[in-house]
Amino acid sequence: MKKSTLITNATLIDAPAGVAREGMNILVQDGRIASVSPALPVTPDDFRIDADGAYVCPGLIDGHVHLFLDAGSAPRASFLNTGDDAKLQIAARNAALAISAGITTVRDCGGPADLVFRFQKAVQYGDILGPRILAAGCPLTRPQGHCHFFGIEVTTPAEARRAVDSQVRSGAAFVKLIASGGGLTPGTRPSEADLALSIMREAVASAKANGVHISAHCHAVESIVRALDAGVDIIEHASFVRPHGPPKFDPEIAVRMKDQGVIVSPTAISGVRIAQTIRESGSQNGHDHDAVARLESRRRHTAKFLEFDVPILAGTDCGVASTPFNSIVDELLEYVNAGMSPASALRSATSDSARYLGQPLLGRLETNCFADLVFLSGNPLENLNYLRDPLLVFKEGEVVCDTRPAPMAIP
Ligand SMILES: [Zn+2]
């Protein structure tokens with residue numbers, strides 16, 4: 001690794017301030033940002049890159065992914081029918097696609113823990129190209145519950161505590177609870193809350209004791225209420241599915257989320273895309289009808305969460321059907337369509353999400369932060385579509401993707 005790189009003439013995207021600053025020079029040393037300044041630092045021996053006015057944005061964070069699902073039409077079946085080597089190849093392909101999309105950090109919300117942590121270390125040591133991985137390892141679920149095929153099945157608070165402790169010891173950056181059924185897992189119902197409140201409370205206490213955050217997958221209204229009662233930090237999906245009738249946003253619950261400082265990851269784009277696939281299949285059965293209603297409600301709920309000022313962590317749920325690892329821009333565009341400014345949407349995948357995830361070195365282009373940089377041909381604060389085709393991606397000071405037509409480097 002070159003110890004020092006000077007990037008000159010960059011138009012820096014200051015995500016927290018929501019402004020673009022022209023003519024900036026970024027000095028990268030040992031994987032971190034050493035300085036950001038309009039003045040050239042006196043460092044004659046640096047490797048230099050002339051950004052030629054390109055927009056330089058913080059590396060993106062996808063706050064909800066599953067590296068070990070293949071994003072095909074039947075991700076659960078393909079997971080169950082592949083061996084470990086093939087699973088690792090799928091994860092490697094997903095990770096490479098994320099990097100090429102400027103995603104330098106992912107939060108893996110559940111997978112086979114032994115493979116997840118092995119893969120995480122291989123990426124960390126540079127053996128495999130990929131984003132930094134904040135992983136839950138195995139999610140905690142009820143016996144035969146949603147994601148049980150890579151989860152830890154828990155039936156008592158004591159089992160939940162042991163499961164949390166073991167996942168954190170293995171390298172988990174957070175704990176994931178499966179608080180309701182899910183569309184991916186036959187035999188579970190999204191309309192039903194699955195984990196008992198006593199189990200969720202014990203898992204929360206154990207996560208806090210271990211110094212990690214805890215999130216809950218919640219489709220059923222009752223599961224959201226239990227997650228709030230238990231004191232989780234993040235709610236995934238928050239679909240407001242009821243035992244009868246279509247999903248219905250509950251303003252009182254949203255106010256509770258806001259008051260308790262609970263963050264929501266709406267995973268809107270995966271919902272919209274899977275619903276579209278079901279619609280195109282022409283299936284009219286009751287199960288699919290309910291699934292379409294549940295999946296499409298994520299788009300409406302995103303707008304309601306914005307209206308109620310509930311903080312949003314950008315996450316795609318990529319790895320699930322029809323949602324490849326470069327879906328983050330479409331997720332952010334869902335937020336813009338729901339009423340967010342492009343700057344806020346960008347923050348939900350950079351500086352805001354870094355704060356929500358307790359990662360002070362991520363999501364900003366400031367001194368001492370990790371040098372995770374994405375070079376773009378246009379200003380994403382004006383049009384998020386410029387995020388689609390990064391010219392150059394740095395992760396911790398190293399070039400991990402370079403699609404520039406002609407070299408800009410000056411030896
Ligand atoms: Zn998920």
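Values quoted throughout were computed directly from the atomic coordinates according to the rules given, and no laboratory measurement underlies them. Values in this document were obtained by computation on a predicted structure and should not be read as measured data. Every residue, glycine as well, gets a Cβ built from its backbone with ideal geometry; the counts of neighbours run over all protein chains shown.
What is the distance in Å between the Cα centroid of region 192-248 and that of region 2-51?
Here the two parts' Cα centres lie 42 Å apart.
Starting from the Cα of residue 288, step 7 Å along the direction of its Cβ; do the same at residue 42; then give the gap between the two resulting points in nm.
So the two model labels end up 7.1 nm from each other.
How much length is gained if the chain between residue 279 and residue 22 is pulled fully straight, taking 0.36 nm per residue apart and subtracting their Cα-Cα distance, in nm to one decimal?
Values: separation 257, 0.36 × 257 = 92.52 nm, distance 4.61 nm.
This chain segment gains 87.9 nm when fully extended.
Could you state the per residue volume, in Å³, of the convex hull enclosing the Cα atoms of region 137-264?
On the way: hull volume 11.4 nm³, N = 128.
Hull volume normalised by residue count: 89 Å³.
Per residue of region 261-277, what does 6.51 cos²θ - 1.76 cosθ + 1.60 with θ = phi - 60° give for ³J(HN,Hα)? Whole Hz please, x for Gly and Pro, Karplus curve as stated.
Once θ is set to phi - 60°, the couplings for region 261-277 become x, 7, 9, 10, 10, x, 6, 5, 5, 5, x, 5, 6, 5, 4, 5, 4 Hz.
Listed highest first by mean packing, meaning other Cβ atoms within 10 Å per residue, what order do 120-126, 353-359, 187-193 come in? Before the final figure, lay out the partial values.
Details: 120-126: 15.9, 353-359: 20.7, 187-193: 19.1.
The densest-packed peptide leads the list: 353-359, 187-193, 120-126.
Give the angle, between 0 and 90 degrees and rounded to the nearest 10, that separates the Cα long axis of helix 197-209 from the longest principal axis of the Cα atoms of the chain.
30
Go through 149-160, 385-396 and give me the packing order, highest mean Cβ count within 10 Å leading.
385-396, 149-160
Give me the Debye-computed log₁₀ of I(q)/I(0) at q = 0.12, 0.16 Å⁻¹ for region 274-411, equal point scatterers on Cα only, no solvent, two decimals.
-0.61, -0.97
What ranking of 290, 317, 85 emerges when the number of other C-beta atoms within 10 Å of each C-beta is taken as an exposure proxy, fewest first?
Result, fewest neighbours first: 85, 290, 317.
Run the numbers for residue 248 and residue 30: contour at 0.36 nm per residue of separation, minus the present Cα-Cα distance, in nm.
Once the chain is fully extended between residue 248 and residue 30, it gains 73.5 nm.
Ranked by Cβ crowding within 10 angstrom, fewest neighbours first, how are 176, 208, 3 ordered?
Arranged by neighbour count, lowest to highest, 176, 208, 3 become 3, 208, 176.
Rounded to the nearest 5, what is the percent of antiparallel bridges among the DSSP beta bridges in the chain? Provide the component values of the computation, followed by the final result.
Values: 28 of 61 bridges.
If I count the DSSP bridges inside the chain, around 45 percent turn out antiparallel.
Among 36, 264, 65, determine the one that fluctuates most according to a GNM of the chain built with springs between C-alpha atoms less than 10 Å apart.
In the Gaussian network model the winner is 36.
In degrees, nearest 10, range 0 to 90: what is the angle between the Cα axis of helix 221-230 and the longest Cα principal axis of the chain?
For helix 221-230, the angle is close to 70 degrees.
Multiply the residue separation of residue 81 and residue 388 by 0.36 nm, subtract the distance between their alpha-carbon atoms, and state the gained length in nm to one decimal. Please report the intermediate quantities before stating the final value.
Numbers: separation 307, 0.36 × 307 = 110.52 nm, distance 3.24 nm.
Answer, rounded to one decimal: 107.3 nm.
Could you grab the Rg to Rh ratio for region 60-356? Cα atoms only, Kirkwood for Rh. Don't jump to the answer; show the numbers that get you there.
On the way: Rg = 17.3 Å, Rh = 18.7 Å.
Looking at region 60-356, the ratio lands at 0.93.
Given the rule -39500 (n - 2.57) for each run of at least 4 DSSP H residues, summed and divided by the residues of the chain, what is its mean residue ellipticity at 222 nm, to the nearest 500 deg cm²/dmol?
-10500 deg cm²/dmol
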